[in-house]
Amino acid sequence: MQELVRVELGERAYDICIGGGVLNKAGALIAPLLKRPRVAIVSDSHVASLHLKTLTSALDAEGITHSNLSLPQGEATKSWPFVQQVTEWLLAEKIERNDIVVAFGGGVIGDLVGFASSILRRGVRFVQIPTSLLAQVDSSVGGKTGINTPFGKNLIGAFHQPSLVLADINVLGTLTERDFLAGYGEVAKYGLLGDLGFFEWLEENGPKLAAGDAAARLEAVRRSVQMKADIVARDETEKGERALLNLGHTFCHALEAATGYSDRLLHGEGVAIGCALAFETSARLGLCSQEAPSRVRAHLKDMKMKSDISDISGELPDAAELMKLMMQDKKVSAGTLNFIMARDIGQAFVTSDIDHFTVKSVLTDALTKHP
Ligand code: GLY
């Protein structure tokens, strides 16, 4: 079973091909894009050890030659030294302006290789083959590419749309439960921000999907990707509506910074907690019912996910410090922080008109429950 979602961006439109076994067909799917039968693959060592052979066999079957660069696994790879390594390797491999670079891995590889492709020879095309749930439903779609710096995450980057995205849901079977559930934080986000029906579907099917049900996984990835594709088509460079995709992210970024971007809190876990905090804040401000945040948390707990600040292990700074970290968010404009709040499940909106004392009181109360 295979699904196709198209990102309608005029001459930069592209397909997202989702299904079990898509990786085995990668050669045939990539071939129509090629001006000559040659690609360069950049992956991480973990993904390469698990899945590179499947990809290269699929390319071999179509007579496409390939070379591979495997980088260290982990967030530290999303940095300047690796931009240099990737671009210089691609030049040494004589990758030309009309060639295709393949980003084969999770969000780190997708963002790094997308950025390297955007600047190589003033822009070469690239194909995303996301191997984590988070990358399949979020980071591989929409053309945000970039790296981290000591000043913050994703502060250097470019919009550079891929030419094709291949999301093989079979590959998700090799993720740890924790990584899978972290990616699920982004899946739940889509229902919470814009589709109550999808959230209800997740409430019913989420546990089955986490247990490995392939049809449920396919449907969850398809619906998430369709929502993202539609939003990106309407607002590619985040002038407005695309900011809704950042539901929960302002809280998340502060918590990630507070935990040193370590494995105390994975990004998708922070998104899930951040979504719950955004609904809590919305309820306290009278924007949505009190039941909404309880329902969000109940679903996250059902999924055996972190749902509150109290689920994060170790020391955390106080609410004032977390507020300071929130003010460093990319969404701060002229000193004002834009928040994504909600009128109900599936009805998120962007506003800068938020009483910071309420946000601080939500954080204070959440920290009080922290052991
Ligand atoms: N991850 C949010 C976006 O792509 O806009």
Test S282 against the criterion of being farther than 16 Å from G191 by Cα, polar (S, T, N, Q) and surrounded by 24 or more Cβ atoms within 10 Å (Cβ to Cβ), and give yes or no. yes
Where in the stretch 74-156 are there strands (runs of 3 or more DSSP E), lying fully within it, with 2 or more residues that are more than 16 Å from the ligand (Cβ to nearest atom) and crowded, with 24+ Cβ neighbours inside 10 Å? 100-105, 125-130
Run V171 past the list (1) closer than 22 Å to T250 by Cα; (2) in contact with a Pro (Cβ under 9 Å, 6 or more places away or on another chain) and report the number of the one that doesn't hold. (1)
So which residues in the stretch 226-270 are within 13 Å of the ligand (Cβ to nearest atom), in contact with a Lys or Arg (Cβ under 6 Å, 6 or more places away or on another chain) and either under 22 Å from G74 (Cα atoms) or aliphatic (A, V, I, L, M) (or both), if there are any at all? I231, L247
Within the set of pairs 6+ apart or on separate chains, which have a first residue in the stretch 282-302 that is over 20 Å from N205 (Cβ atoms), a second that is among the charged types (D, E, K, R) and buried (at least 17 other Cβ atoms within 10 Å of the Cβ), and C-beta atoms under 8 Å apart? P293/E280
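The numbers here are math on the coordinates, done by the rules we state, and not lab data. Treat the numbers as computed from the prediction; the structure is a model and nothing was measured. Glycine also receives a Cβ, built like all others from the backbone with ideal geometry; neighbour counts cover every protein chain displayed.
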